[in-house]
Amino acid sequence: QVQLVESGGGLVQPGGSLRLSCAASTSISSIYVMGWFRQAPGKQREWVATITNGGSPSYADSVKGRFTISRDNAKNTVYLQMNSLEPEDTATYYCNRYPFLVGWGQGTQVTVSS
């Protein structure tokens with residue numbers, strides 16, 4: 001099965017930006033929907049955004065207007081551009097296919113704090 005490696009997280013101040021990357025071990029051109037998820041300490045994992053092979057995105061209300069999901073099938077990579085970050089965005093971010101999820105990777109930590 002496909003293996004996914006997330007990267008790009010870090011510590012940023014409120015209002016800052018980060019661009020997360022999700023590199024897949026195999027081609028994602030045949031995976032119809034890819035998505036980003038996040039999990040904050042003490043909370044359940046939640047859906048953030050998804051994107052179809054045709055480039056149609058969907059977003060959780062909490063990030064709509066601030067985050068942009070994209071994919072580059074030629075590079076087997078999915079991206080999440082995060083702008084206007086808020087402390088509430090602090091979490092470990094994961095990518096995966098949807099709805100037929102594969103094993104979760106290590107994720108990448110995003111911390112938004114002044």
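The values are calculated or read from the model by the stated rules, or taken from the named source; none is laboratory data. Keep in mind that this is a model prediction, so the values were computed, not measured. Cβ coordinates were reconstructed from backbone atoms using ideal geometry, including for glycine residues, and neighbour counts include every protein chain displayed. Note: accessible area is taken over every heavy atom of the protein model, side chains too, but ligands, DNA and RNA are not part of it. Shrake-Rupley method; radii C 1.70, N 1.55, O 1.52, S 1.80 Å.
What's the total number of residues in region 56-80 that are within 12 Å of the chain's Cα centre (by Cα), more than 13 Å from Glu6 (Cα to Cα) and touching a residue at least 40 places away in the same chain (Cβ under 8 Å)?
Counting residues in region 56-80 that are within 12 Å of the chain's Cα centre (by Cα), more than 13 Å from Glu6 (Cα to Cα) and touching a residue at least 40 places away in the same chain (Cβ under 8 Å) gives 1.
Which residues, counting only those in region 1-20, are in a strand (DSSP E or B) and either open to solvent by 30 Å² or more (accessible area, probe 1.4 Å) or free of Cβ contacts under 8 Å to residues at least 40 places away in the same chain (or both)?
Selection gives Val5, Ser7, Leu11, Arg19.
Quick check: anything in region 23-35 modelled with pLDDT of 95 or more and either more than 19 Å from Phe100 (Cα to Cα) or in contact with a helix residue (DSSP H, G or I) (Cβ under 7 Å, 6 or more places away or on another chain) (or both)?
Checked against the condition, which is being modelled with pLDDT of 95 or more and either more than 19 Å from Phe100 (Cα to Cα) or in contact with a helix residue (DSSP H, G or I) (Cβ under 7 Å, 6 or more places away or on another chain) (or both), region 23-35 yields no hits at all.
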